[in-house]
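Note sheet for the following structure.
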Amino acid sequence: MKKDLISGYDLERGDFDVIFETAARLKKSLKAGESIASLKGKTLGMIFDKSSTRTRISFEVGMYQLGGNALFLSGRDIQIGRGETIADTARIMSRYLDGVMIRTYSHESVEEFAKYATIPVINGLTDLLHPCQVLTDLFTIIEKKGGYEGLKICYAGDGNNMANSWVIAASRLPFHLDLACPEGYDPDPDILKRAMSEAPLGITLHRDPELAVRDADVLYTDTWVSMGQEDERDEKIQRFEGFQVDQRLVDKAGKDVIVMHCLPAHRGEEITAEVIDGPRSVIFDEAENRLHVQKAIMELLMKER
Ligand code: CP
Ligand code: NVA
């Protein structure tokens, strides 16, 4: 594995499998009450410039369960918020910490941090990507469906950081990705272009969610208004009319479809409460799996350093 996990491009096919196998082992050990202290004495710094429930708690609890410690560092409170450079911050943190997780706006900032850090850097979400989430989603699909190979995964909604992360995953792994996005809200064009030529099984971009969802094994959505886009809210709610994941859309998918959402959900906007709480939803198991998959990522990146 490479030093950092900034995007799915950092992972070879075999790395995905190692992460999923490690997560399964750690999950099993935790459920059996066995303690694993593979990161004893190590500390993860967690820099947050945006809100979080799942990411913060799962990384912090994950470090605790692996015998280490996690530090919550609000971007507002460290000197980076007053203009200390990313490069200097990365160099300094590398002298104290064994790994850093960053959630911020600019993807380039995380890349720059990783360039100057000598310790592993994990992307905890940027405006462009959310790699820990898509790895968790794939792990959840393996648990629920026995694997992802050959499945049809439909992403209906905004071409945001989650959509981009799915597109990169489809460029690395053999599943079909059918995207349904309103015009003007497609995934990142460079990521999409590269993935269209590299994807083993193909990526299709639809405008009609009903077509995209046909025979889908997995139906995925995310908020229409990501963090930092609050000013676009009214316009987006209008433009996404017809893209809501409701029971009617679920009924048009494959008969054994599972419904996924990275959360937080806006019940009644991109997805209905009926679907989130309904029999096809695996959304809460998916959220739990953030803990197991991120423990695997931290163990694999930080254990030997
Ligand atoms: N899915 C996810 O990253 O949730 P949080 O924003 O609560 O961390
Ligand atoms: N697309 C969402 C994901 C939240 C986990 C956002 O960036 O706000």
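Read the figures in this text as sums done on the coordinates, not as results from a lab. Here the structure is a predicted model, which is why all the values come from computation and not from measurement. Cβ: placed from backbone, ideal geometry, glycine included. Neighbour counts: every protein chain shown.
For the range 1-91, the ratio of Cα radius of gyration to the globular rule of thumb 2.2 N^0.38 Å stands at 1.28.
Calculated on the alpha-carbon coordinates, the convex hull of the range 197-249 measures out at 131 cubic angstrom per residue.
Dividing the Cα convex hull volume of the range 146-305 by residue count, how many Å³ per residue is that? Working shown, then result.
On the way: hull volume 21.3 nm³, N = 160.
Per residue, the Cα convex hull of the range 146-305 comes to 133 Å³.
Overall shape of the range 122-179 was characterised from the C-alpha gyration tensor. The equivalent ellipsoid obtained from it has semi-axes of 19, 13, 9 Å, in decreasing order.
When each of Lys50, Lys27, Lys295 is scored by the number of other beta-carbon atoms lying within 10 Å, the sequence from fewest to most is Lys50, Lys27, Lys295.
Starting from the Kirkwood Rh over alpha-carbon pairs, what translational D in µm² s⁻¹ does the range 52-92 have by Stokes-Einstein at 25 °C and 0.890 mPa s? Before the final figure, lay out each step's value.
On the way: Rh = 11.7 Å.
It diffuses with D of about 209 µm²/s by this estimate.
Listed by Cβ neighbour count within 10 Å, with the fewest neighbours leading, Tyr116, Tyr155 appear as Tyr116, Tyr155.
Give me the percent relative contact order of the chain, please, defined on Cα pairs under 8 angstrom at least 6 residues apart. Write down the numbers at each step before the final one.
Values: 590 pairs, mean separation 59.6, N = 305.
It rounds to 20 percent for the chain.
Kindly provide the Kirkwood hydrodynamic radius of the chain in Å, to one decimal, from all pairs of distinct alpha carbon atoms.
On the way: mean 1/r = 0.0510 Å⁻¹.
Its Kirkwood hydrodynamic radius stands at 19.6 Å.
Determine the shape class of the range 1-53: with a ≥ b ≥ c the square roots of the Cα gyration tensor eigenvalues, call it rounded for a/c under 1.5, and otherwise prolate if a/b is greater than b/c, oblate otherwise. It comes out oblate by the Cα gyration axes.
Calculated from DSSP H runs of 4 or more alone, at -39500 (n - 2.57) each and per residue, what is the 222 nm mean residue ellipticity of the chain, nearest 500?
-13000 deg cm²/dmol
Which loop-located GluC sites (Glu not before Pro) does the range 196-305 contain, where loop means any DSSP state but H, G, I, E or B and the Cβ has at most 13 other Cβ atoms within 10 Å? Can you show the working numbers first?
Values: sites: Glu198, Glu210, Glu230, Glu232, Glu235, Glu241, Glu269, Glu270, Glu274, Glu286, Glu288, Glu299, Glu304; in loops: Glu241, Glu269, Glu270, Glu304.
The qualifying sites are Glu241, Glu304.
Provide, as a two-decimal number, the C-alpha radius of gyration of the range 50-174 over 2.2 N^0.38 Å, N being how many residues it has. Don't skip to the answer; put the middle values down first.
Values: Rg = 16.3 Å, N = 125, 2.2 N^0.38 = 13.8 Å.
Dividing the Cα radius of gyration by 2.2 N^0.38 Å gives 1.18.
Using the alpha carbons alone, the radius of gyration of the range 247-305 stands to its Kirkwood radius in an Rg to Rh ratio of 1.16.
What order do you get for Ile271, Ile276 when you list them from fewest to most C-beta neighbours inside 10 Å? Could the numbers behind the result be given before it?
Working: Ile271 26, Ile276 17.
Ascending number of Cβ neighbours within 10 Å: Ile276, Ile271.
When the alpha carbon coordinates of the range 152-243 are projected onto the principal axes, the ranges are 38, 26, 18 Å, largest first. Remark: relative contact order (the range 148-252) = 33 percent; criterion is Cα-Cα distance under 8 angstrom and separation of 6 or more residues.
Given Cα pairs under 8 Å that are at least 6 residues apart, what percent is the relative contact order of the range 126-176?
On the way: 40 pairs, mean separation 26.1, N = 51.
That works out to 51 percent.
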